[in-house]
Structure formats: structure tokens, C-alpha cells
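Inspection log for the structure reproduced underneath, given as C-alpha cells.
The values are calculated or read from the model by the stated rules, or taken from the named source; none is laboratory data. None of the values given here were measured: they were computed from a predicted structure. For neighbour counting, all protein chains shown are included, and Cβ atoms are generated from backbone atoms with ideal geometry for every residue, glycine included. To get the accessible areas, we keep the full protein, side chains included, count just its heavy atoms, and leave off ligands, DNA and RNA. Shrake-Rupley method; radii C 1.70, N 1.55, O 1.52, S 1.80 Å.
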Amino acid sequence: MHLLLIGPPGVGKGTQAARLRQALGVPHLSTGDLLRRHVAEGTPLGAAAAAHMRRGDLVPDGLVTAMALDRILGPSSASGVVLDGFPRTLAQAEALDTALTGHGRRLEAVLHLTAPEQTLLRRLTGRRTCAGCGESYHLDTRKPRTPGRCDTCGQRLVQRGDDTEETARARLAVHAEQSRPLLARYRLAGVLHEVDGSADADDVTRRLLAVLAPHPVR
Ligand code: AMP
């Protein structure tokens, strides 16, 4: 099953995508994670994307689309994929539709996760990551035993560069503006489902799976 999780930064897309991947047995593709890996490894794509990401802007369509389609059409996604963060624009959505159709596939469901802005801001600015092993924490919901230190490896916890309040607000604004036409497109196509993402993570997963239940897994 090819499905897309769409929603503002901080709504829990990453968490839910990982759970859907397990439940449905298909890979999870996060273009944000892929791009951050390119930046960390200093690839040419990473170098081109870094400045856009730091500002909280979208990376240009051409760069992201080539990178994402390469994965989506690859053998690892033959039986489906949980898309997270791609497509983000109409141009990306059109490129995806064309590519999937060309391979006899289609996007079966688009799950739109929503939550109030204050909830999203708090979730984003409270996130911390271990500089050593990459383990994730949150100042409200997943506190480390020792403040500022990783429970697993003891290294320092850091805030992702685009999780500061200023950048988080910019990312929410970019998301609201960019997602409007995308949501309209998928609503019109009859594949859009709205799901409340402000509940606790287990509840949200249950709701997502209930929405997907009528879709045959193939
Ligand atoms: P995310 O982790 O999904 O919030 O993505 C982090 C950043 O990566 C975004 O703020 C964008 O700068 C960039 N990015 C991720 N996916 C896309 C995409 N499909 N199109 C453009 N930029 C993207």
C-alpha cells in the first residue's frame, strides 16, 4: 500500500509513520531525514539543501523530487511505502502521480494529521536529540534521567537547528501555505482522511489504522 502522511511539523508524523511501517510491513520514507543525512555527510545535494533547511524554507522541488522518486520507485518500495514529508508541493505531487502511474501503482490514502498551533510549537521547541547516538528526547514527555544528558550513552543533548521557536513558527507558516493546494488536490481525488493528531500517540495510531482498514493491503 502506498500512503502519505501529511501534517505540520511536530504533529507526530515521524512517530506514526514508523508505527504504520511496522503494522503494514512497508518502508517509511522521510525526505526530512534523508536530507539531514545528506547535509551531515556533506554530499552535493546536502550542500545545496542546507541553507534552505536552516531558514525553514522548502528545498527546491527538483532536488527533492529526484531524491524521493529514486527511493519510491526502487525495489525496497515495490509493495508500498509510507511517505512522510513528500510530496510537499503540487509540483512534487504531480511528479509522484506520474511516476506511480507509470509503474502501475497509485497513492491509495492520504492521512492528514492535525493539532492546534500552541501544541505544535511546544512539541517542536521541546525536542532534544543526543549528539552521540541520535536518541530522541522531549522536555515535557520524554525527559532524560539527567538533564541535558543521554540516558543511553551519556553524551550531550542538543536542539535540532530548525526546532528553535523562530524557525518552528516559520516552518508552521510554510506548511500551512504549501499544504493547502495539496490537501485540496487529494480531497478532490477522494483519498484524503483527516485524523486528530493531538491525542496520545497510541490513540492516534489506532485511529489511523481504523481509517486504513477498508483499504486492501497489496
Ligand atoms: P521535516 O523533517 O519533514 O520537517 O523536514 C525538514 C526540512 O527538510 C524542511 O523544513 C525542508 O527544508 C526540507 N524538506 C523535507 N522534505 C521536503 C520536501 N518534500 N520538499 C521540500 N523540502 C523538504
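When you look at Val59, is it closer than 30 Å to Asp203 by Cα, part of a loop (DSSP other than H, G, I, E, B) and open to solvent by less than 20 Å² (accessible area, probe 1.4 Å), yes or no?
On the way: closer than 30 Å to Asp203 by Cα: no; part of a loop (DSSP other than H, G, I, E, B): yes; open to solvent by less than 20 Å² (accessible area, probe 1.4 Å): yes.
No: the conditions fail for Val59.
Filter region 12-26 down to the residues that are within 24 Å of Ala189 (Cα to Cα) and within 14 Å of the ligand (Cβ to nearest atom), then identify the one that is most open to solvent (accessible area, probe 1.4 Å).
Step by step, filter region 12-26, then rank; the result is Lys13.
What number of residues within region 27-48 are part of a helix (DSSP H, G or I), more than 7 Å from the ligand (Cβ to nearest atom) and open to solvent by less than 20 Å² (accessible area, probe 1.4 Å)?
2
Let me spell it out: the conditions are (1) away from the ligand (no atom under 13 Å from the Cβ); (2) in contact with a strand residue (DSSP E or B) (Cβ under 9 Å, 6 or more places away or on another chain); (3) more than 24 Å from Leu172 (Cα to Cα); (4) open to solvent by 20 Å² or more (accessible area, probe 1.4 Å), and Arg71 meets all of them except one. Which number is the exception?
(1)
What are the pairs, 6+ residues apart or on separate chains, where a residue within region 30-59 that is free of Cβ contacts under 8 Å to residues at least 12 places away in the same chain has its Cβ under 8 Å from a residue that is open to solvent by 40 Å² or more (accessible area, probe 1.4 Å) and of a type in the set (D, E, K, R)?
Close Cβ pairs satisfying both conditions: Gly46/Arg37.
Among the residues of region 174-181, are any in contact with a strand residue (DSSP E or B) (Cβ under 7 Å, 6 or more places away or on another chain) and over 24 Å from Ala213 (Cβ atoms)?
Let us first name the residues in region 174-181 that are in contact with a strand residue (DSSP E or B) (Cβ under 7 Å, 6 or more places away or on another chain), namely 179.
Imposing the further condition that a residue be over 24 Å from Ala213 (Cβ atoms) reduces the set to 179.
Yes; the residues of region 174-181 include at least one that is in contact with a strand residue (DSSP E or B) (Cβ under 7 Å, 6 or more places away or on another chain) and over 24 Å from Ala213 (Cβ atoms).
Are any of the residues in region 60-73 over 24 Å from Arg21 (Cβ atoms) and in contact (Cβ under 8 Å) with a residue 24 or more places away in the chain? I'd like the intermediate steps shown before the answer.
Kept after step one, since they are over 24 Å from Arg21 (Cβ atoms), are these residues of region 60-73: 60-63.
Narrowing further to those that are in contact (Cβ under 8 Å) with a residue 24 or more places away in the chain: 61.
For region 60-73, residues over 24 Å from Arg21 (Cβ atoms) and in contact (Cβ under 8 Å) with a residue 24 or more places away in the chain: present.
Name the residues in region 85-106 that are outside any helix (DSSP H, G or I) and free of Cβ contacts under 8 Å to residues at least 12 places away in the same chain, would you?
Pass one, region 85-106, residues outside any helix (DSSP H, G or I): 85-89, 103-106.
Gly104 - this is the single residue of region 85-106 that is outside any helix (DSSP H, G or I) and free of Cβ contacts under 8 Å to residues at least 12 places away in the same chain.
Residues that are open to solvent by less than 70 Å² (accessible area, probe 1.4 Å), at pLDDT below 95 and under 25 Å from Gln22 (Cβ atoms), at least 2 per element: which helices (runs of 4 or more DSSP H) completely within region 107-218 meet that?
Values: elements: 117-125, 165-188, 201-212.
Of the helices (runs of 4 or more DSSP H) lying wholly inside region 107-218, those with at least 2 residues that are open to solvent by less than 70 Å² (accessible area, probe 1.4 Å), at pLDDT below 95 and under 25 Å from Gln22 (Cβ atoms) span 117-125, 201-212.
Report, ordered by the first and then the second residue, all pairs with beta carbons closer than 8 Å, sequence separation of six or more or different chains, a first member in region 165-190 that is farther than 24 Å from Gln118 by Cα, and a second member that is open to solvent by 60 Å² or more (accessible area, probe 1.4 Å).
Filtered contacts from region 165-190: Arg185/Leu90.
Please determine whether any residue of region 89-96 is open to solvent by 20 Å² or more (accessible area, probe 1.4 Å) and either closer than 24 Å to Ser198 by Cα or more than 14 Å from the ligand (Cβ to nearest atom) (or both).
First, the residues of region 89-96 that are open to solvent by 20 Å² or more (accessible area, probe 1.4 Å): 90-91, 94-95.
Pick out the ones that are also either closer than 24 Å to Ser198 by Cα or more than 14 Å from the ligand (Cβ to nearest atom) (or both) and you get none.
No, because not a single residue in region 89-96 is open to solvent by 20 Å² or more (accessible area, probe 1.4 Å) and either closer than 24 Å to Ser198 by Cα or more than 14 Å from the ligand (Cβ to nearest atom) (or both).
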